[in-house]
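Colleague: Structure provided below as structure tokens; questions to follow.
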Amino acid sequence: MAMSDGCNGADLCEYRIPTEKIHETLESYDRKNITVVTAASHSALQIIHGAKKEKLKTALVCDPKREKLYKSFHASKPDKFIYIDKWSDFLSADVQGELIEMNAVVVPHGSFVEYIKPENLLSDCYAPQFGNRHTLYWEADRQKQRTWLEGKAGLKMPKQYKLDAFEDGKLAIVKFGGAKGGQGFFKIKSKDEADRILDEMNLHENERAKITIQEYIAGSRYYHHFFYSPLDKKKEWQVEVEGKKVGRLELNGMDRRDETNVDDLHRTGLNPTEMKKAGIKPSYTVCGNIPLVMRESLLPKVFEMGEKTVKASLELFPGGMIGPFCLETFVTSDLDHIVFEISTRIVAGTNIYPQGSPYADYDWGEKAEMSMGRRIAREIKLAARANRLKEVIV
Ligand code: AMP
């Protein structure tokens, strides 16, 4: 298959389950009896909570060690648990068969990207997944993200450096692949510093190849939670392609990540050299999320960035972006917006708003309690009722 098919050349496409095959499975579904399924991690509580509010059946694929936790939150307790011992078992014939049997629509989240991997979801997940399977594949590859966001959508991104050409004196951040949430990232001011730290890390060749060196942006972080519905071609904000309305872009919320320990290092009262002596290393590992709203005059730009992202996706891969996605941005001191990452599925930052964020309230009204989990379930329900599931499952 061709590159334009959303895949990275023949090796992956050869093994990809064709979308027609997934759609055949959907044809066999009892559309009045859909089960929303996810895996016990990341944003599962919110996804199940939202699906239950939409009165859909729910099931959770769960490591038995986590069962107690997921049984202890009563309003988010799934109707059914399916047990797996390791992440790869999610794709086993038994689990996949069971999911299809229950008319499952799988809702992927960050742990699917990190632990199951988009290429395995493309090749071995026969159960229909909400959204566009190809987008997860684009999220997992920082170069593809850049092609999409900077190359095609024209959004501003931090400069990217090659280690050999890195100019001493500049400040950069060294990033690793995957969706581990900032784990292991570090700042550098010189090539030698980067070499030394990377050598100490004793990385496998594959991991080293996935390193990205990005200009360090000194700005304020805003993570925008969008939802794009190809089903809604009426309400504003409509995305238009060649003068034709193709779907609605919604701003469902915003957050900022709480990262340990980088945000609180000032509390040590130590300078970098003293910190080093004390064995304290700055870390960007995410451990939670903080709610946020943005200065209202900046919102048109936020929508514009979301719209450009959706439009570019429609040109880059079949079906384009569908459902939840998040643009992770910096706002600089001159109020410029710089996107440093995209997540092409529900992000954990939406967990703050099980009853809806301020933006979800302005859009849906506070009675709707439109969390992102609920918004996904609502789209699945509407699509199932209208026999349009194929438009939101690609
Ligand atoms: P990411 O995995 O790309 O979402 O990045 C994790 C964290 O690293 C972010 O939440 C930021 O705190 C930090 N970070 C990422 N990229 C940059 C950058 N270009 N400049 C400064 N900090 C960054």
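The values are calculated or read from the model by the stated rules, or taken from the named source; none is laboratory data. Everything numeric here is computed off the predicted structure, so don't read it as measured data. Note that we place each Cβ from the backbone using ideal geometry, even for glycine, and neighbour counts take in every protein chain shown. Remember, those area values only see protein heavy atoms, side chains included, never the ligands or the DNA or RNA. Shrake-Rupley method; radii C 1.70, N 1.55, O 1.52, S 1.80 Å.
Colleague: With each pseudo-label sitting 7 Å past Cα toward Cβ, what's the Ile280-Lys244 distance in nm, one decimal?
Modeller: It works out to 5.8 nm between the two label points.
Colleague: Describe numerically, in nm with one decimal, the distance between label points set 7 Å from Cα along Cα→Cβ at Glu20 and at Leu163.
Modeller: 4.5 nm
Colleague: Which whole number in µm²/s is D for the chain by Stokes-Einstein, with the Kirkwood Rh taken over Cα pairs at 25 °C and 0.890 mPa s?
Modeller: Once the numbers are plugged in, D ends up at 112 µm²/s.
Colleague: Just to be sure I understand the rule: take each whole DSSP H helix in the chain, project its Cα atoms onto its long axis, keep it if the span is 24 Å or more and its mean Kyte-Doolittle hydropathy is at least -1.0. Which ones pass?
Modeller: Going by DSSP H runs, the hits are 299-316.
Colleague: Dividing the Cα radius of gyration by the Kirkwood radius, what Rg/Rh value follows for region 147-285?
Modeller: Dividing the radius of gyration by the Kirkwood radius yields 1.08.
Colleague: Comparing His42, His266, His337, which has the greatest mean-square fluctuation in the GNM of the chain with Cα pairs linked when under 10 Å apart?
Modeller: Evaluated over the chain, the most mobile residue of the options is His266.
Colleague: Within the set Lys86/Lys210; Lys86/Lys390; Lys210/Lys308; Lys86/Lys191; Lys57/Lys233; Lys144/Lys301, which residue pairs have Cα atoms separated by over 32 Å?
Modeller: Pairs exceeding the cut-off: Lys86/Lys191.
Colleague: Sort out for me the Cα centre separation of region 85-130 from region 38-54, rounded to whole Å.
Modeller: When both Cα centres are located, 15 Å separates them.
Colleague: Per the helix-only calculation at 222 nm, which mean residue ellipticity applies to the chain, given -39500 (n - 2.57) for every DSSP H run of n ≥ 4 and division by its residues, nearest 500 deg cm²/dmol?
Modeller: When only DSSP H runs of four or more count, the value is -8500 deg cm²/dmol.
Colleague: Taking the Cα centre of region 104-200 as the origin, how large is its charge dipole in debye, to the nearest 20, when only Lys and Arg (+1) and Asp and Glu (-1) carry charge on their Cβ atoms?
Modeller: Here the size comes out at about 420 debye.
Colleague: For the chain, modelled as a Gaussian network with Cα springs under 10 Å, which listed residue fluctuates most, Ala153, Ala209, Ala127?
Modeller: Comparing Ala153, Ala209, Ala127 in the GNM, the peak value goes to Ala209.
Colleague: Residues in region 229-256 near a label at Leu298, defined as backbone nitrogen under 15 Å from the 7 Å Cα→Cβ point?
Modeller: Residues 253-256 qualify, since their backbone N sits under 15 Å from the label point.
Colleague: What are the equivalent ellipsoid semi-axes of region 230-358, built from the alpha-carbon gyration tensor (square roots of five times its eigenvalues), in whole angstrom, biggest first?
Modeller: 36, 15, 14
Colleague: Here is a follow-up. Leaving out ligands and nucleic acids, and using a 1.4 Å probe, what accessible area per residue does the chain come to in Å²?
Modeller: Result: 47 Å² per residue.
Colleague: Follow-up. Calculate, in nm to one decimal, what Lys367 and Asp232 gain on full extension: separation in residues at 0.36 nm each, minus their alpha carbon distance.
Modeller: 46.6 nm
Colleague: Let me ask something additional. Have a look at Ser371, Ser28, Ser41 and tell me which one the Gaussian network model of the chain (Cα, springs below 10 Å) gives the largest fluctuation.
Modeller: Between Ser371, Ser28, Ser41, it is Ser28 that shows the largest mean-square fluctuation.
Colleague: With charges set only on the Cβ (+1 for Lys and Arg, -1 for Asp and Glu), what does the dipole of region 257-386 come to about its Cα centre, in debye to the nearest 20?
Modeller: Approximately 440 debye in magnitude.
Colleague: Full-extension gain between Ile100 and Cys287, please, as 0.36 nm times their residue separation minus the C-alpha to C-alpha distance.
Modeller: Fully extending the segment from Ile100 to Cys287 adds 63.9 nm.
Colleague: Next question. Treating only the Cβ of Lys, Arg, Asp and Glu as charged (+1, +1, -1, -1), what charge dipole size does region 267-323 show about its Cα centre? Round to the nearest 20 debye.
Modeller: The dipole of region 267-323 has a size of about 400 debye.
Colleague: Further question: Summarise the accessible area of the chain (1.4 Å probe, protein heavy atoms) by the percent that is carbon and sulfur.
Modeller: Within the chain, the accessible surface is 50 percent carbon and sulfur.
Colleague: Then there's this: If you stretched the chain out fully between Asp63 and Gln355, how much longer would it get, using 0.36 nm times the residue separation minus the C-alpha to C-alpha distance?
Modeller: 102.4 nm
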